[in-house]
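To keep things clear, I will list the structure first and then write my remarks on it.
The values are calculated or read from the model by the stated rules, or taken from the named source; none is laboratory data. Computed from a prediction, not measured in an experiment: that's the story for all the values here. Methodologically, a virtual Cβ is constructed for each residue, glycine included, from the backbone with ideal geometry; neighbour enumeration extends over all protein chains shown.
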2 protein chains.
Amino acid sequence: MIQRFRFGLPLPTDSVVQEIPVSAGPVPFLTAEEDGWAYRMAPDAIVYGLGEMPRGINKRGWHYVTNNTDEARHSEDKLSYYGAHNFLLIDGGVGRECFGVFIDFPGKVRYDIGYTEHDALRFATEEPDHELYIITGDDLNDISRQFRQLIGRSYIPPKWAFGLAQSRFGYKTAEDVREVARQYKENDLPLDMICMDIDYMQDYADFTVNKQRFPDLAALSAELKAQGIRLVPIIDAGVRIDPENPVCAEGLANGSFCTKADGTPFVAAVWPGKAYFADFLRPEVREWFGRQYKALTDCGIEGFWNDMNEPALFYSPERLKAFFESMDELSRKDNIVQDEFFGKVVGGALGLMNAPEDYASFYHDVNGQRVRHDRVHNLYGGNMTRAAGEAFARLRPGRRTLLYSRSSFIGSHRYGGIWLGDNASTWAQLLANIQMMPNVQLCGFLYTGADLCGFSYDTTPDLALRWLEFGLFTPLMRNHATDGSRMQEYYRFADMLPALRKMLRLRYALLPYLYSTFMKAALESTSYFRPLGFDFPADPDAREVQDQLLLGEGVMVAPVYTQNASGRHVYLPEAMKLYRIRSVDDYDTELLPAGHHYVRCALDEVLLFIRPGHAVPVARPASCTAQLDETSLTLWACPDENGSARCRMYTDDGETSDFAAPEHWKTVEA
Amino acid sequence: MIQRFRFGLPLPTDSVVQEIPVSAGPVPFLTAEEDGWAYRMAPDAIVYGLGEMPRGINKRGWHYVTNNTDEARHSEDKLSYYGAHNFLLIDGGVGRECFGVFIDFPGKVRYDIGYTEHDALRFATEEPDHELYIITGDDLNDISRQFRQLIGRSYIPPKWAFGLAQSRFGYKTAEDVREVARQYKENDLPLDMICMDIDYMQDYADFTVNKQRFPDLAALSAELKAQGIRLVPIIDAGVRIDPENPVCAEGLANGSFCTKADGTPFVAAVWPGKAYFADFLRPEVREWFGRQYKALTDCGIEGFWNDMNEPALFYSPERLKAFFESMDELSRKDNIVQDEFFGKVVGGALGLMNAPEDYASFYHDVNGQRVRHDRVHNLYGGNMTRAAGEAFARLRPGRRTLLYSRSSFIGSHRYGGIWLGDNASTWAQLLANIQMMPNVQLCGFLYTGADLCGFSYDTTPDLALRWLEFGLFTPLMRNHATDGSRMQEYYRFADMLPALRKMLRLRYALLPYLYSTFMKAALESTSYFRPLGFDFPADPDAREVQDQLLLGEGVMVAPVYTQNASGRHVYLPEAMKLYRIRSVDDYDTELLPAGHHYVRCALDEVLLFIRPGHAVPVARPASCTAQLDETSLTLWACPDENGSARCRMYTDDGETSDFAAPEHWKTVEA
């Protein structure tokens, strides 16, 4: 059951697709306090949700603010990342009721989940006007399904988007891109996508291509597509200020950009230096911006990533000027002490980026009402995704287009996926990837994954391999790195190459199971990844597990995420069959009883557990998704007590949007 | 056996106290390469050592540089922390030989331990002149003991230094300090020390006291000492430039400061703004600087911490001027693009701190030879510790003085302890604390511990408690936080107070075991904490454990370091007796067989494992070490197959330096 409560006159968010009548009665479970809502947590209560946020699967023990932020450093002390996912799924504790809370609000929401007091949960919206949805049901899986139905069907990418994507900030020429494709082929490593970061643009201007470095994008795209590889270019939120650029000129002429208090366009610097920012909250601006993607779809491009759309702001000219003036003033002093140095020099420079004052200095037009940006900040990136998604439906009708975004809002999950932002090449971030997946997917973002090997800093050969051993299970499987970091295409690690190759091939071999699981999750509002506590809510040990995930109906994964480990502890809430896999053709199996186990897992091995009664259809590996032959499948299986094991499979052309046909479904049995 | 090899004419470091003749023969184990030394690691080889460094107990899989750095952010991607501990203890793998390598060199040493290639270890000194010591022996414990004998007896603090220290950057007045003492007393929490951060000084000038805020330090010290509490003030490396200040004036007059190329004193800013830096590498400067501590010992002060002695440099006037000029130039441009913004504005401001150019711009006098600072950089902080330690032997003969430092070098472990620098209030840092302890102690720094609850950012009630549950085993047990972070004195957490009290009291009750273990380690060159692989080198599971530690002869600890966990997996290499402790009077026990176990451990519980044949003497808790009554001890024990269990205890007055008396030793039996 879903109850809807309304307080004041909230701004619209379009997060929800079901029309639920507003309840008059009291809000269950929560206590209204002067300044928000409170809930007393039992000792074993678990709080799931909040999507893309730091810390464990269980969000207890920290405070958070949904405030979409270009956060370059992912760590436990952060309060906000790139997405605003205001959904909590509260397991009250064994024998206590569970419920979901969706806070439908476009600005900041603050959460204190056992941070101030260990057993107190409090949350508050920045302004009093908001809507609350309280969802109750049979269990966590049921509440989760109801919530997903409330917010509408998750975005479905083309099937080739489940192949490997190789990306890097720093592929500067068509030849760089070709070299990646060549090396993947020469090293017999499968590949489906090469992502193009901002290097392909002319002066970092959206919808331009640098003609010196990429003389014929359409030809390059066709050449690679013939090898089964799609190009996936980036589009940034900020539009480079350049009166000669038609997008900029047109946007100015039709008043598409966000404005300052005086009505002139708001300006802030991002990659190209000074830029304007489209007012994605207006339908006609979304239509206008979306239309621009045609410049690239006309070159044969079938997939995009939207970036910098929190929006990230490097600086505003006004604040940069003030900083320079402050430096000028300091330069006249003889001795600069700590407060001045840390406050004005270091703090002043760092404080130029993503400054709250800048977010409070420009305006949107929301249904004719002028609304200051910070009040609707969290809607911005999601509406850029929506602009693109709506455009693709027009530009490529009936066909699926790949789209994933950095910033997001519940609602934009209907138009595109997300990647988990600018993470780092650390083992801690591998664990963060594992822990973020179920909460992000719980909030509707099914097509998601983290930058494998890590984005910032330098990866290591063993981290590259271990991270792939988890990444091969995530819907979006992309290896991406920042400029200046260690080169990390999978062919770079000579000492790990045989194992990396086997793991990449394993991904493709598992696609029948993974793609079926994804499509079931999208079409039936069920889960792809979920915590063990969802299926075993009365098992105290299962409830606590923060580093294993159930994957679809039949699988549990338990990745190794610590360096120099050749095994790990695994908790089995029921008997399962372990597949310890070196390659699709080389594995050993063992039926393990329920309970705690230490399971060996060498650096070149991955653990896959199959639940009783379930089977995993396994294809022959291929060099790309187009080459995948799913006609003859092997079944890996854990028979139930009657000796049977099955898998409900979904198969389609992977390109068109005819999801409803019943012939897509079949059940295979072992 | 210890072999010494000499290459060129290395600068002296005074790291070693034994005179080992120089070997002529080839260096065993290592291969000389063009640019350093190489060793091929077997798949199960383990590399211990490097002391204060990021990552696990096993240093494989990363690269490191010993280059003492004021590192404000502790994370996996870092290459250097505050100390230079150039000792590797290599376990070649099961059935292969083990050996130790000490690289005696005062500048940077670069290590690649399976970072570039998974099985290759390489290291190189910045200049070719260096000494190598290769140590072989019966096993890891034996090699470790030989190394400790080579570098000389570790510093021994007074016994009260094993009590709790409460610290915070931000106790601004004598009343702030009194309030801490009062709250600890009122809340019945034991306490032995209150540390005074830079707030107590006048304008952050060393050896001054702000008379407004601390009108009578001697009286305050006496008043607190009557309650069993010592004041422990900080001393920074940089001497505030102030011709009226006698320390500054005297240092200038006698030429005690490091100089620039032109012979004038080197200037850089730290907390007080511009400062000079004593040339601690000269014996007469150490003598002069050490003499200044008398200003505080005359006030009854018996303990100090030396800080900022890498030395940290906020900026040099020359580079700040250049930065201001660069900002002035940029301020004239219309559009500042990414390279300029990140390179010059943000990068320029951040790059002012601890700049390599500044470290290459001043000089020391080493035995009459003028040596540029960066060539001997790593000796600086350790020689500040030495200056203080040598002074205390003169100022307080025959008595122990507490001293711990941020920066260190092998050799300075003879003069003081270290704390593990400016960590953060994260669960990751609790694990880092656990993993850093054995490697730091392996390098001679026995008296050590991390800032409990974490220094930067905001702690949480559960982290405060879980961290104390490990911290109660570390020699230095200090709760310390930075200015502006959440208040974290243990009395601040109402919901955790009973458990925190019990854990603090447990520390005091365990002091007979912990202090005996410390004194054995110091006097017999054995270990306090050590990895399981030291005692069980043939057990593959024991070798891999990165989150449990052996503690002295009879104990193993297995801390819980993950949030929202009420238990953890523990590996027992042999049968042990588990004490699951809520308080010294409330615990349950269980004899656990060797193997992997999942062990419950609620938030208010700590796990202690006793090895067969060993006993842990337990005193009654007390409000401070002076109140500890060790005459009647309870014995916690795990009898061996003959039913016997014992502990070799060390007891002394805890104040004087008469360590050799045989009557300090006795054996208690269960």
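Against the definition (touching a residue at least 12 places away in the same chain (Cβ under 8 Å) and of a type in the set (G, A, S)), how does B:A278 come out, yes or no?
For B:A278, the condition - touching a residue at least 12 places away in the same chain (Cβ under 8 Å) and of a type in the set (G, A, S) - is met.
Where residues in the range A:569-580 are touching a Lys or Arg at 6+ places or on another chain (Cβ under 8 Å) and assigned to a strand (DSSP E or B), which of them is farthest from A:L472 (Cα to Cα)?
A:M576
When B:G170 is evaluated against the numbered criteria (1) touching a residue at least 24 places away in the same chain (Cβ under 8 Å); (2) part of a loop (DSSP other than H, G, I, E, B); (3) within 14 Å of another protein chain (Cβ to nearest Cβ); (4) more than 23 Å from the chain's Cα centre (by Cα), which criterion, by number, is the only one it fails?
It fails just one condition, (4).
Can you find a residue that is touching a residue at least 12 places away in the same chain (Cβ under 8 Å) and over 17 Å from B:P438 (Cα atoms) anywhere in the range B:552-560?
Checked against the condition, which is being touching a residue at least 12 places away in the same chain (Cβ under 8 Å) and over 17 Å from B:P438 (Cα atoms), the range B:552-560 yields at least one hit.
Return only the number of the condition from (1) within 29 Å of B:D192 (Cα to Cα); (2) out of contact with any strand residue (DSSP E or B) (no Cβ under 6 Å at 6 or more places or on another chain); (3) away from chain A (no Cβ under 14 Å) that B:G303 does not satisfy.
(2)
Go through (1) crowded, with 17+ Cβ neighbours inside 10 Å; (2) within 27 Å of B:K274 (Cβ to Cβ); (3) over 27 Å from the mean Cα position of the chain (by Cα) one by one and return the number of the condition A:L320 breaks.
Condition (2) is where A:L320 drops out.
Matching residues to (1) at pLDDT 95 or above; (2) in contact with a Lys or Arg (Cβ under 6 Å, 6 or more places away or on another chain); (3) surrounded by fewer than 24 Cβ atoms within 10 Å (Cβ to Cβ); (4) among the aliphatic types (A, V, I, L, M):
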| residue | (1), (2), (3), (4) |
| --- | --- |
| A:V371 | yes, no, yes, yes |
| A:D374 | yes, no, yes, no |
| A:H377 | yes, no, no, no |
| A:G381 | yes, no, no, no |
| A:A387 | yes, yes, no, yes |
| A:S405 | yes, no, no, no |
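Run B:T459 past the list (1) over 28 Å from B:Y155 (Cα atoms); (2) in a loop (DSSP other than H, G, I, E, B); (3) touching a residue at least 40 places away in the same chain (Cβ under 8 Å) and report the number of the one that doesn't hold.
Unmet for B:T459, out of (1) over 28 Å from B:Y155 (Cα atoms); (2) in a loop (DSSP other than H, G, I, E, B); (3) touching a residue at least 40 places away in the same chain (Cβ under 8 Å): (3).
Would you point out which residue out of B:R182, B:R178 is without any contact (Cβ under 8 Å) to a residue 12 or more places away in the chain and over 18 Å from B:M477 (Cβ atoms)?
Residue meeting the stated conditions: B:R182.
Considering only the range B:24-34, I want to know if a residue exists there that is outside any loop (DSSP other than H, G, I, E, B), farther than 27 Å from A:S425 by Cβ and out of contact with any Pro (no Cβ under 8 Å at 6 or more places or on another chain).
Within the range B:24-34 (the criterion being outside any loop (DSSP other than H, G, I, E, B), farther than 27 Å from A:S425 by Cβ and out of contact with any Pro (no Cβ under 8 Å at 6 or more places or on another chain)), the answer is yes, since at least one residue qualifies.
Would you be able to tell me the number of residues in the range A:97-106 that are of a type outside the set (A, V, I, L, M, F, W, C), assigned to a loop (DSSP other than H, G, I, E, B) and crowded, with 23+ Cβ neighbours inside 10 Å?
1
Scan the range A:56-93 residue by residue and report those that are within 14 Å of chain B (Cβ to nearest Cβ), over 22 Å from A:N306 (Cβ atoms) and touching a helix residue (DSSP H, G or I) at 6+ places or on another chain (Cβ under 7 Å).
Passing the criteria: A:G56, A:I57, A:G61, A:E76, A:D91.
Of all the residues that make up the range A:622-642, how many are closer than 19 Å to A:T589 by Cβ, out of contact with any His (no Cβ under 8 Å at 6 or more places or on another chain) and not charged (D, E, K, R)?
The total comes to 5.
Tally the residues that are more than 12 Å from chain B (Cβ to nearest Cβ), among the aliphatic types (A, V, I, L, M) and in contact with a Ser or Thr (Cβ under 8 Å, 6 or more places away or on another chain), restricting the search to the range A:448-472.
1
Return the total of residues in the range B:151-209 being at positive phi, touching a Leu at 6+ places or on another chain (Cβ under 8 Å) and hydroxyl-bearing (S, T, Y).
Here the count works out to 0.
Looking at B:D653, B:D658, B:D604, which one is within 14 Å of chain A (Cβ to nearest Cβ) and not in a strand (DSSP E or B)?
Going through B:D653, B:D658, B:D604 in turn, just one is within 14 Å of chain A (Cβ to nearest Cβ) and not in a strand (DSSP E or B): B:D604.
Among the listed residues B:V557, B:V584, which satisfies the condition of being at pLDDT 95 or above, away from chain A (no Cβ under 14 Å) and either within 20 Å of A:S566 (Cβ to Cβ) or touching a strand residue (DSSP E or B) at 6+ places or on another chain (Cβ under 6 Å) (or both)?
Going through B:V557, B:V584 in turn, the sole match is B:V557.
Out of curiosity, is A:A391 in contact (Cβ under 8 Å) with a residue 24 or more places away in the chain, within 14 Å of chain B (Cβ to nearest Cβ), buried (at least 22 other Cβ atoms within 10 Å of the Cβ) and in a helix (DSSP H, G or I)?
For A:A391, the condition - in contact (Cβ under 8 Å) with a residue 24 or more places away in the chain, within 14 Å of chain B (Cβ to nearest Cβ), buried (at least 22 other Cβ atoms within 10 Å of the Cβ) and in a helix (DSSP H, G or I) - is not met.
Which of (1) without any contact (Cβ under 8 Å) to a residue 40 or more places away in the chain; (2) surrounded by 17 or more Cβ atoms within 10 Å (Cβ to Cβ) does B:T31 not meet, given it meets every other one?
Only one criterion is unmet by B:T31, namely (2).
Would you check if A:D298 is farther than 20 Å from A:G255 by Cα, surrounded by 22 or more Cβ atoms within 10 Å (Cβ to Cβ) and of a type in the set (D, E)?
Judged against the criteria, A:D298 is not a match.
Considering each of B:A481, B:A522, B:A565 in turn, give the residue that is away from every other protein chain (no Cβ under 11 Å) and in a loop (DSSP other than H, G, I, E, B).
Within the list B:A481, B:A522, B:A565, the selection yields B:A481.
State whether one or more residues within the range A:525-539 are buried (at least 17 other Cβ atoms within 10 Å of the Cβ), part of a helix (DSSP H, G or I), more than 14 Å from chain B (Cβ to nearest Cβ) and touching a residue at least 40 places away in the same chain (Cβ under 8 Å).
Among the residues of the range A:525-539, at least one is buried (at least 17 other Cβ atoms within 10 Å of the Cβ), part of a helix (DSSP H, G or I), more than 14 Å from chain B (Cβ to nearest Cβ) and touching a residue at least 40 places away in the same chain (Cβ under 8 Å), which makes the answer yes.
Return the pair list, or none, for Cβ contacts closer than 9 Å from residues in the range A:335-350 that are more than 8 Å from chain B (Cβ to nearest Cβ) to residues that are basic (K, R), at least 6 apart or on different chains.
A:E340/A:K333
Just to be sure I understand, how many residues within the range B:581-592 are crowded, with 19+ Cβ neighbours inside 10 Å and assigned to a strand (DSSP E or B)?
1
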